[in-house]
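Beneath this line is the structure, given in structure tokens, with notes to follow.
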Amino acid sequence: MKKKFLLLFILIFSLTNCINAQTEEQKKIEKTITLFFEGFHKRDSLKIKSVISENFTLQSAYKLNDTTSTLQSTNLNDFLYKVVNRNLNNKWEEKLLSFNINIDGTLANAWVKYEFWLNDEFSHCGVNSFHLYLSDYGWKIIQLVDSRRKNNCN
């Protein structure tokens with residue numbers, strides 16, 4: 001009976017540690033994404049670079065009209081240039097609404113619903129799909145793919 005109780009205790013303890021470890025890693029990934037957007041909002045390329053891979057790419061999927069969709073790709077240098085050199089009179093605010101984070105060892109995906117506001121007016125909504133890897137320096141964003149919609153945002 002004591003052996004069964006000890007085995008059950010070890011099993012529960014191990015499962016609890018696995019769940020807590022996953023939760024801690026999810027918090028680190030959420031923090032990485034939050035830092036990315038702090039840099040994005042403040043036009044701070046150094047903050048953005050601190051959480052992205054040197055091979056970072058941005059892709060955006062959206063409809064041009066009722067029948068035509070497009071996938072637009074932007075490399076790291078072009079992305080940073082657009083963020084840092086945007087019109088100072090334009091206030092960009094990406095409101096992150098929810099996080100769904102999945103992790104497998106050194107690979108992770110974060111599905112993040114958002115709304116984008118330009119000068120305090122709603123512009124569009126969608127989902128950011130972040131792909132991250134666990135580097136020697138913490139979680140780094142490899143790729144960001146976003147969808148963009150003007151309607152059906154709920």
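The values are calculated or read from the model by the stated rules, or taken from the named source; none is laboratory data. Predicted, not measured: the structure shown is a model, and the values here were computed from it. Every residue, glycine among them, receives a Cβ derived from its backbone with ideal geometry; neighbour counts consider all protein chains shown. Heavy atoms of the whole protein, side chains included, go into the accessibility calculation; ligands, DNA and RNA do not. Shrake-Rupley method; radii C 1.70, N 1.55, O 1.52, S 1.80 Å.
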Checking 139, 92, 117 in turn, the sole residue that is open to solvent by less than 70 Å² (accessible area, probe 1.4 Å) and within 16 Å of the chain's Cα centre (by Cα) turns out to be 139
Single residue of the stretch 38-74 satisfying the filter (modelled with pLDDT under 95 and of a type in the set (A, V, I, L, M)) that is surrounded by the most Cβ atoms within 10 Å (Cβ to Cβ):
61
When you go through 83, 145 one by one, which is the residue that is of a type in the set (Val, Ile, Thr), over 13 Å from the mean Cα position of the chain (by Cα) and under 16 Å from residue 36 (Cα atoms)?
83
Might you let me know whether the stretch 129-151 holds any residue that is in contact with a strand residue (DSSP E or B) (Cβ under 7 Å, 6 or more places away or on another chain), hydrophobic (A, V, I, L, M, F, W, C) and farther than 23 Å from residue 27 by Cβ?
no
Exception for residue 22 within (1) loosely packed, with under 13 Cβ neighbours inside 10 Å; (2) at pLDDT below 95 falls at (1)
Go through the stretch 104-114 and report how many residues are open to solvent by less than 40 Å² (accessible area, probe 1.4 Å) and farther than 14 Å from residue 31 by Cα.
1
Looking at the stretch 78-93, can you tell me whether even one residue there is β-branched (Val, Ile, Thr) and over 17 Å from residue 51 (Cα atoms)?
no
